[in-house]
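Below: the structure, in structure tokens.
Any read-out appearing in this document is the output of simple, stated calculations on the displayed coordinates, not a laboratory observation. Every value quoted in this text rests on a predicted model; they were computed, and no experiment measured them.
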Amino acid sequence: MLIQPLVENAFKHAFFSDTKEAVIEVDFSLLRQKDISILAVKVRDNGKGMQGGVSTASKALNILRHRLRFIWESNKHKTYPEPLKVSSSPGSGTTIELMLPLIAE
């Protein structure tokens with residue numbers, strides 16, 4: 001339920017422009033930082049981008065950021081990478097990256 005809203009937002013908001021070929025990419029990768037395994041997810045589109053840039057990011061993204069921080073902190077990680085990164089500018093699309101700790105049992 002963390003990734004679905006990002007993809008839905010890309011469809012809903014990104015493609016009301018004159019983009020000839022609309023593209024949404026969802027990439028998953030496994031990262032290793034110190035003794036932590038991380039699932040990195042990147043959702044990228046080539047749509048119109050966020051008007052006003054990243055500083056006007058939605059309430060939904062702020063809620064997602066808080067959820068990700070909660071996940072990291074509830075798994076006893078005192079230090080962790082920025083769990084949500086957003087880069088966007090008008091006319092160049094949007095990229096959202098999130099990072100989740102993987103828990104070995």
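Points to keep in mind about this one:
- Spatially proximal lysines relative to residue 76 (Cα-Cα < 23 Å; intrachain offsets below 8 disregarded): 34, 85
- Rounded to the nearest Hz, the phi-derived 3J(HN,Hα) couplings of the stretch 59-76 under the Karplus curve 6.51 cos²θ - 1.76 cosθ + 1.60 (θ = phi - 60°) are 4, 4, 5, 5, 5, 4, 4, 5, 4, 5, 4, 4, 4, 4, 5, 6, 9, 6, where x marks glycine and proline.
- The stretch between residue 28 and residue 92, if pulled fully straight at 0.36 nm per residue, gains 20.9 nm over its current Cα-Cα span.
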